[in-house]
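Structure first, then comments.
The values are calculated or read from the model by the stated rules, or taken from the named source; none is laboratory data. None of these values were measured; they are calculated from a predicted model. Glycine gets a Cβ as well: all are built from the backbone with ideal geometry, and neighbour counts include every protein chain shown.
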Amino acid sequence: MSSPNIPQQKTQEGLDEEVRRSMARKSRRSFLVGGAAALAAVGAYVWLDHAPETKQLQTPLREAENWNADVNQALFHDRVLAPTYSKRQATLLRVNGDVGIDEDMILDSWRLQVVGLDHPERYPQFTPDVDLWSYRSSDDSTDVSTQPDASQGPDVKSESAAQQAIPASTGMTKTPGILLTMADIEKLPRREMVTQFKCIEGWSQICQWEGVRFSDFLKAYPPKLNVDGTLPKYAAMETSEGDFYSGYDMDSLLHPQTLLCYSMGGKPLSPGHGAPLRLSTPLKYGYKQIKQIAKITYTNQKPPDYWADLGYDWYGGL
Ligand SMILES: Nc1nc2c(c(=O)[nH]1)N[C@H]1C(S)=C(S)[C@@H](COP(=O)(O)O)O[C@H]1N2
Ligand SMILES: [Mo]
């Protein structure tokens, strides 16, 4: 009897079988690689298909290739997904934190200011200075206009990164960008997720969220690329007067579970939860999930962050 660790003499048939198996292994592997490439190609196709503006851009091919490689890398590399739950397990989230939120904001007057786009002027929603947009409030006494008003003193608008860089009140520097309505946001693919919401204070709840993936938003309204063809490193988000502001790294934003949400548990967001649009991600603590977003700015500078300025971790990762 031959011992199992002494190789049997290989017959021609045995060798053929070995070669066949190794070929099969190889082709399975190349199939997987080919599959990933095909997926990337589909991604690129869907991208172009969904963003006709991109086609008109005539970006150099090299740049376009980097662009796709960069984004597909971000979208398709091994993502760790946070656990999801069944809708039955979802509870009603408590309201926690109201910095920068105008509960009386007239939602028709809401716009999402987007700054740092690639050729913003090609969009119908273009405006030469997003900072001139006024959010109106039904409560007149709290209706702080975003129009410059010297009589109100220096604390009328707390300073966020974008505002520090571009002093709107001087009227010297403009912040070109686009002003999106909720209808614009709702045109993007609707996603649902039931995930755990964790607050650093020590409580957590399972919640059901509805909205759009940040990655879909970015594809529809792509940022200006860096000269090497890469995406900006960060996005800054802030409330209408800049009182609450949060910064995000691009990798976290492109994660499939990072949503711009307009509803919770199938019902439109309440003002306290950040109507009409907030961020939700199970990857970060509650304090990184900005409510009532008014402005998104793509940038390569690490944006300031309300809670990081108070000593919490800037990433707030879980
Ligand atoms: N605009 C704004 N967003 C905010 C806050 C805030 O005070 N203002 N608080 C944060 C904190 S600390 C938490 S825990 C969550 C709470 O979200 P919820 O009120 O929907 O539970 O919102 C985050 N987003
Ligand atoms: Mo929090």
Of everything in segment 208-251 that's small (Gly, Ala, Ser) and away from ligand 1 (no atom under 16 Å from the Cβ), which residue is nearest to Gly266 (Cα to Cα)?
Ser215
May I ask you to say which residue of Glu201, Glu192 is closer than 23 Å to Leu92 by Cα, away from ligand 1 (no atom under 16 Å from the Cβ) and surrounded by fewer than 19 Cβ atoms within 10 Å (Cβ to Cβ)?
Glu192
Single residue of Gly171, Gly153, Gly116 found to be modelled with pLDDT of 95 or more and on the phi > 0 side of the Ramachandran plot:
Gly116
Just to check your reading of the model, which residue among Tyr287, Tyr262, Tyr312, Tyr248 is part of a loop (DSSP other than H, G, I, E, B) and not charged (D, E, K, R)?
Tyr312
Pairs, please: C-beta under 9 Å, at least 6 apart or cross-chain, first residue farther than 24 Å from Asp251 by Cβ and assigned to a loop (DSSP other than H, G, I, E, B) and in segment 66-92, second at pLDDT 65 or above and hydroxyl-bearing (Ser, Thr, Tyr)?
Tyr85/Thr195
So which residues in segment 204-227 are surrounded by fewer than 20 Cβ atoms within 10 Å (Cβ to Cβ), of a type in the set (D, E, K, R) and either assigned to a strand (DSSP E or B) or in contact with a helix residue (DSSP H, G or I) (Cβ under 7 Å, 6 or more places away or on another chain) (or both)?
Glu210
